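What follows is a single structure, written as structure tokens, with notes after it.
The values are calculated or read from the model by the stated rules, or taken from the named source; none is laboratory data. These numbers were taken from a predicted model, which means no experiment stands behind them. Note: ideal-geometry Cβ built from the backbone for every residue, glycine included; neighbour counts use all protein chains shown.
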Amino acid sequence: YQETLPVPDAPDEVHNLSLEFNRLLRSLNQQVLRNRQFVSDASHELRTPIAGIRGHVALIRRHGRDHPEIIPDSLVAIDDESLKMQHLIVSLLQLSRMDQAELARTAVDLCPLVQKVVAQLQAQVSQTINVQLPLRAVACANADSVEQILSALVMNAQKYSPERSTITVGLAVVAARVMLTVSDHGIGIPANEKPKVFDRFYRVDSSRSKQVAGTGLGLAIVQRLVELNGGQVTIADNLPRGTRFVVTLPGAQASN
Ligand code: ADP
């Protein structure tokens, strides 16, 4: 059974219908191009660690017998490269699943959530994490995804900041919305790069970022999760030095 379009009986309708048809076609074409680009970027990113693994396997095959001392280093490198592939695949799967995802959102006080996540993260980072919280900050959000957003932003702050600096996580209620901020004193993000860092696979100035392990997918996932929570994420400078990520989520009336 194929649904048919109502047949228009006036020329205007034919005109409007063709406009609508062309609009749909254009958006479909853009989607196809985006998907094609995504697959090509993903293959490119996977090819690099695979090439590394194959290189080390070839090295061991060729020289392992005569120079067995090279084997441990090659095994460490193979392990690192396969770990990179694993991170990449986990992130790719999450992004592709989120294309059609919908999140169950409830009224949730983000203060205890932030305290819990920060306590877990503090054990993993060398920087000191400061927390600035109001008494309550009730958002209409999916708690698991807010935890993931916060932990991705703090882990980025950690990656791109000096070891003994401070990272500040803040919550504020502003005009019935909840603002979650993560600020660091790290290398910062130049103004012209700010809109691009949310793109899949984008990493600022490869020479700087490539010294730090990463997939370039973290912020794409953060942005999608924030959207699924009905919010927005923006980047500001944390003067005199560093970056401040601001996540704005819809507020919810606290139930008493
Ligand atoms: P990555 O895996 O490279 O960290 P992300 O998508 O999380 O990927 O971030 C994209 C890029 O944005 C990073 O490569 C880095 O250049 C930049 N970036 C992200 N967070 C920060 C930050 N807190 N300070 C400076 N640069 C950052």
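Some observations on this one:
- Subset of segment 181-203 that is of a type in the set (V, I, T) and in contact with a Ser or Thr (Cβ under 8 Å, 6 or more places away or on another chain) - its residue that is surrounded by the most Cβ atoms within 10 Å (Cβ to Cβ): V182
- Residue tally, condition of a type in the set (D, E, K, R) and part of a loop (DSSP other than H, G, I, E, B), over segment 156-170: 2
- One residue from A236, A175 being surrounded by fewer than 16 Cβ atoms within 10 Å (Cβ to Cβ), within 15 Å of the ligand (Cβ to nearest atom), over 17 Å from M155 (Cα atoms) and without any contact (Cβ under 8 Å) to a residue 12 or more places away in the chain: A236
- Pairs, first without any contact (Cβ under 8 Å) to a residue 24 or more places away in the chain in segment 181-204, second assigned to a loop (DSSP other than H, G, I, E, B) and more than 8 Å from the ligand (Cβ to nearest atom), C-beta under 9 Å, six or more apart: R203/K210; V204/P190
- Scanning segment 171-208 for residues that are part of a loop (DSSP other than H, G, I, E, B) and more than 19 Å from the chain's Cα centre (by Cα) yields A175, A176, H185.
- Among residues of segment 121-138, those that are loosely packed, with under 12 Cβ neighbours inside 10 Å and within 21 Å of the chain's Cα centre (by Cα), counted: 1
- Condition met for A101 (outside any helix (DSSP H, G or I) and not aromatic (F, W, Y)): yes
- Every residue from segment 239-252 that is out of contact with any Cys (no Cβ under 6 Å at 6 or more places or on another chain) and more than 10 Å from the ligand (Cβ to nearest atom): L239, P240, R241, V246, V247, T248, L249, G251
- For segment 209-231, a tally of residues being more than 7 Å from the ligand (Cβ to nearest atom), at pLDDT 90 or above and not in a helix (DSSP H, G or I) returns 3.
- Restricting segment 144-172 to residues that are crowded, with 22+ Cβ neighbours inside 10 Å and closer than 28 Å to V39 by Cα, the residue that is nearest to the ligand (Cβ to nearest atom): N156
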